[in-house]
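The values are calculated or read from the model by the stated rules, or taken from the named source; none is laboratory data. Please read all numbers here as calculations on a predicted model, not as lab measurements. Because the Cβ atoms are built from the backbone with ideal geometry, glycine has one as well, and the counts that use them run over all protein chains shown. The accessibility values were calculated without ligands, DNA or RNA, using every heavy atom of the protein model including side chains. Shrake-Rupley method; radii C 1.70, N 1.55, O 1.52, S 1.80 Å.
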Amino acid sequence: MHALKKNRPLRRVVLASAATVSGLVMLLSLKPHTPPRIAAAPAPAPSGSASAPGGSTGSTGTRTVTGETVRTRWGPVQVRVTLRNGRITDVTALSYPTDNPRDREISGYALPRLRREALAAQSADIDAVSGATYTSGGYRRSLQSALDSAGR
């Protein structure tokens, strides 16, 4: 007689649960073979952008501003922003988690994506990178503090 046709309801429950868990594991193991591409185009240059605080450097020219060091669960994150004529032209991560190989791996794929998004968005309003939530949050906060210091 077949195992499910016997009068044993607990066996049916166990087998159904095992089949469900196996199906979920197979679904969750599907991954894209290529990383997602950012489809956002750079924003147009703002007209009449505000000048920097203190009047020492206006919105014209090139400025480099360092954001605050943000303490995250996995280590400090700090960025430096280069602005040319009021537009973000470069974002450099000065400090980020590197205590172990996993931290270096996460930072290795997250920081370039965060940089691309910041350059495309021209602000700190960027999405977090999956798997690097704490680093992404620290990057955003440090970037925003740099932009605030620059008067943007």
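Name every residue in the stretch 130-143 that is open to solvent by less than 20 Å² (accessible area, probe 1.4 Å), in contact with a helix residue (DSSP H, G or I) (Cβ under 9 Å, 6 or more places away or on another chain) and not hydrophobic (A, V, I, L, M, F, W, C), in order of residue number. Those that are open to solvent by less than 20 Å² (accessible area, probe 1.4 Å), in contact with a helix residue (DSSP H, G or I) (Cβ under 9 Å, 6 or more places away or on another chain) and not hydrophobic (A, V, I, L, M, F, W, C): Thr135, Ser136, Tyr139.
A single member of Thr135, Thr98 is more than 13 Å from Thr69 (Cα to Cα) and polar (S, T, N, Q), and it is Thr98.
Where strands (runs of 3 or more DSSP E) fall wholly inside the stretch 57-112, the ranges with 1 or more residues that are acidic (Asp, Glu) and open to solvent by 20 Å² or more (accessible area, probe 1.4 Å) are 87-95. Of all residues in the stretch 120-129, none are in contact with a helix residue (DSSP H, G or I) (Cβ under 7 Å, 6 or more places away or on another chain) and part of a helix (DSSP H, G or I).
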